[in-house]
Structure formats: structure tokens, C-alpha cells
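The values are calculated or read from the model by the stated rules, or taken from the named source; none is laboratory data. Source: prediction; values computed, not measured. Note that each Cβ is placed from the backbone with ideal geometry, even for glycine, and that neighbours are counted across all protein chains shown. For the accessible areas, the whole protein counts, side chains as well, though only heavy atoms, and no ligand, DNA or RNA atoms are used. Shrake-Rupley method; radii C 1.70, N 1.55, O 1.52, S 1.80 Å.
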Amino acid sequence: MRRLSELEPCAQAILAREREVYAARNPRSRAAFERSCRVLPGGVTRTLCHFPPFPCQSERGEGCWLVDLDGNRRLDLFNCATTLILGHCPPEVLRAVEGQLGRGTAFQTNTGLETLLAEMLVSRVASVEQLRFTNSGSEGTLMAVRAARTFTGRPKLAKIEGGYHGSHDSVEISVRPGGSAGGAADAPMAVAGSAGILPEVVGSTVILPYNNLGAAQAILAREASQIAAIIVEPVLAGIGFVPAEPEFLVGLREEARRYGMLFILDEVQSFRLDRGGAQRLFGITPDLTCFGKIIGGGFPVGAFGGRADLMALFDTTAGRGKIPHAGTFNGNPITMAAGIATLERLTEPAYEKLNGAGDRLRARLRALGGQYGVPLQATGIGSLWKIHFAETGIRDYRDALKASAPLHEALFLYGLNRGLFIGPAGRDCLSLPMGEAEIESYLGVVEAFLQALCA
Ligand SMILES: Cc1ncc(COP(=O)(O)O)c(C=O)c1O
């Protein structure tokens, strides 16, 4: 097996070459980016959309393909951060949206569509008795955390190092602390993930190391009486969709119950793994669950739900509810119609197709790493995966930090110039329209990259 230090100079050379090719082939995207920069800081309106030398601008999506302003056609392996499980413009979603467009796009009253989508989610997810819709996953986690603080009367939130739960202050902590900033691996420190977060908020956050139950138990025991909830993703997306080791997740659930904390499962991304969510796969019953992404069928969405006695905090039948929950576009009928049409398509065979293809793909990637002697780790589960160029396996955030950034960036640009849109952070997912031919074309580009790297 080659060492990363041996491969990195070659990756830098590939990167320099591919940047030039990209710049030459994307003049319209460059001009669009320069224009955007005048009115949007950094030319984008979402941090993750930027990549150097400049991001391409999408002109349209077709199934599993993206077409940019310069006419480049690329396989969409990012799917708007795992959202587009049916790909772009699925006909049944378009029909549902077009039908609703003619009936109205925003109302102050229920339209019945929110009830229907809520019924679908409640029937699929065993732990969810009631739920509320929001406009984003961030708002969903915000409300779930507020519910936990209200219900328990405790101030603190425990979260996983490297876990992303949205952009609000309570959870934008220790999402990607650099180098030694996070303290000891088995006793991580809370680190603000953004300027402008008050020290009191950082001080109200307890950080747990992923997949290290013993260390997490010791940390929770120290602060138990102050902690309102543990929030955790069953599959830690930020480090490459690394599934929680079952005993870790079950152990955390038990600790929460033992100390009277709520257990919040963030299924914003992992809900694409199973009809009943990852909680069904892991056999775990959270108190509250957060949703987003696929449940809006490609439109802005989020939701939080769970035990009826907790959701009663939002009940407005006898006053304003203990926790006010506003949001002009909550349960927007276009989003709801798209979400219903999407979930209707997500039958057991659809999940089997996606998850089976994902399993085969990860096995092939690992085999390619072995064949070329490149230290390649393919993490993920079901239809979600990430390639890390790393010499050791990835179980937690600290492991993920050891992966090579130049190799990753070189693969990203190499792919962009050869018909792939890999997630800028390397997190990829399948969509239903992707067939064997598309998956083979992806693997072919990865193999060509490994060849170039070893040349
Ligand atoms: C696990 C998880 N939770 C919450 C969020 C926040 O969702 P949104 O971007 O819709 O606010 C995300 C977004 O990527 C996520 O991956």
C-alpha cells in the first residue's frame, strides 16, 4: 500500500492541471460567478456551494444528470445534499406540484396536504405519534431542542463531535473543530462553529465522541442533571455517513432514559435509508425525530415529531401552546404535494434497489483502492457514501481529520472535468434514476483517477 505522503505531490499536480481545464471549459459559469459576487457574498447564498476556482452554475437537471451554463453534463452524485432521492424533475412530483400550483401556493389555513404527509410519516416511523412541519431541517432541530429544554427544565444539550444539525446557535458547536482545538479525543471540548455564537451557548453544550460509549457515558454522568437532551444522527453525515456502532446508539439511548434526558434522533439525511427511517434499521426508539431533505420532494422542508406528550407542548387547541411555533411557509402546499408524491414512490423495492446498489458500489471502491495500492476508505451505508484517502479506518471525527485534503480535491475536480458532480465535501448518494451504466461510469472515472495518481 502506498503512503499518502508519496501520493500527495502527484495529487497537487493533477489538481493544478484540472483547475486549468475546468477554467477553460466553464467560461459562462465563471462570468455568472463574477456577476453573483457583486451582490452575494462569495457569489453564493449557501456556504457549501462554493468551490475553487469558481463554482459552476446549473442550467437544468434531468433525472440523475445536471447540465450547467456551459452545456457540461454531469452525473449528479450530490443530489442537493441527499435530497433528490428521485432525481431531478420526477414526473409524478411535477404532476403533483403542477396540480397544486393551479389551486394556490400559500394559505393561512390547512389544506389537508400537511395532514396527509403527516399521516404518511406517522404510519412509517414507529416512534412518531405527532409532528410539525418547518421550512428547513435547521428549524426542526431548533424546535426539538427547545421542546427538550422546556420538558426537562434543564439547560444543556449533548451532541456528537463532528455532528451537523443545522445552522442555529445551539447546534453549530463542534461541527468541524480544527486540529487540536477540540481537546482530547475522549473528552472533546465544545468549540463554537461560527463567529457570533455567545460563550454561554458554547458553555451549554456537552460534546460526546462518536462511537466511544465508555467515554460518552463518563461525560454524561458528570453533567447528567443539567442535560436536557442528547441529539445524534444515526449515521454521522459530516464524516462520510459513518453508521453509529449499534451498541453506541443503544447505549446512548439507555443513558438518556436513565438520566431523564430526551433522546433526539436527527434523521434529516438518514431517513432515505429505510421506509421507517434509520431508527427502524437500528431498532431504536427516540423521543423526538427530526426530518428534512427527501420529505419535501425537492422543495424547502423540515419536520420534528415524536411522543404525543412532548408534541403537546405545541398544542394550540387551548391557547397558544407552551412553545409558540410560527413559520409563514410551514406546511406549504407545494412542498407537501411534492413530499406526498415522493413518499408514494418510496416503496420497499425502491429502498432495496438504492441500498443494494450502494453496498455493491462501496465494495467496488474498496477493491479499486486495493488494486492500485491507494489508501482509500469507502464509508457509508445504503445509498450514501464517501471516499476518504486515509491510511486508517474512519470511526469518528478525529479519524476523518486524518484524510488527505489534496487527494480529495484532486478527485473532485478530475470528476468535474469528466462528467461527475461529486459532493464538494466528497459526500455522495444515489438517486433512483441511476442505473448500472451510470454507476459504472462513476467507477470508471474513479479508477482513471487512481491510475493517474499512481502513474
Ligand atoms: C443531519 C442534518 N441535520 C440538520 C440539517 C439542517 O437541514 P437544513 O439544511 O434543511 O436546515 C442537515 C443539513 O444538511 C443535516 O444534514
Run the 1.4 Å probe and let me know the accessible area of Thr392, rounded to the nearest 10 Å². 70 Å²
Descending packing, highest mean Cβ count within 10 Å first, for 178-185, 114-121 is 114-121, 178-185
Restricting things to alpha carbons, tell me how big the stretch 378-431 is in terms of Rg and Dmax, in Å. 11.4, 32
Inter-label distance for Asn110 and Asp309, nm, one decimal - labels placed 7 Å from Cα along Cα-to-Cβ: 2.5 nm
When each pair of different Cα atoms in the stretch 42-97 is counted once in the 1/r mean, what is the Kirkwood radius in angstroms, to one decimal? 12.5 Å
Burial ranking of peptide ranges 235-241, 99-105 (average Cβ count within 10 Å, highest at the top): 235-241, 99-105
Past the 24 angstrom mark, what percentage of all C-alpha to C-alpha distances in the stretch 91-345 do you count? 45 percent
Order 212-220, 79-87 from most to least packed using the mean count of other Cβ atoms within 10 Å. 79-87, 212-220
Spread of Cα-to-Cα distances over 10 Å intervals beginning at zero, given as percent, for the stretch 1-108: 12, 28, 31, 20, 5, 3, 0
If I histogram all Cα-Cα distances within the stretch 332-381 using bins 5 Å wide from 0, what percent of pairs lands in each bin? 5, 17, 16, 13, 12, 11, 10, 8, 5, 3, 0
Could you work out, for the chain, what percent of all Cα-Cα pairs fall into each 10 Å distance bin, beginning at 0 Å and stopping at the bin that holds the largest distance? 4, 20, 30, 28, 15, 3, 0, 0
Send over a whole-number figure in Å² for the accessible area per residue of the chain, probe 1.4 Å. 41 Å²
Could you give the length gained on full extension between Arg103 and Glu440, defined as 0.36 nm per residue of separation minus the Cα-Cα distance, in nm? 117.0 nm
For the stretch 36-135, what % of the accessible area comes from carbon and sulfur atoms, probe 1.4 Å? 56 percent
Computed ³J(HN,Hα) along the stretch 168-175: with the Karplus parameters 6.51/-1.76/1.60, θ = phi - 60°, integer Hz and x for glycine or proline, the list is 7, 4, 4, 10, 7, 10, 6, 7
Compute for the stretch 218-275: radius of gyration divided by Kirkwood radius, i.e. Rg/Rh, restricted to C-alpha atoms, rounded to two decimals. 1.01
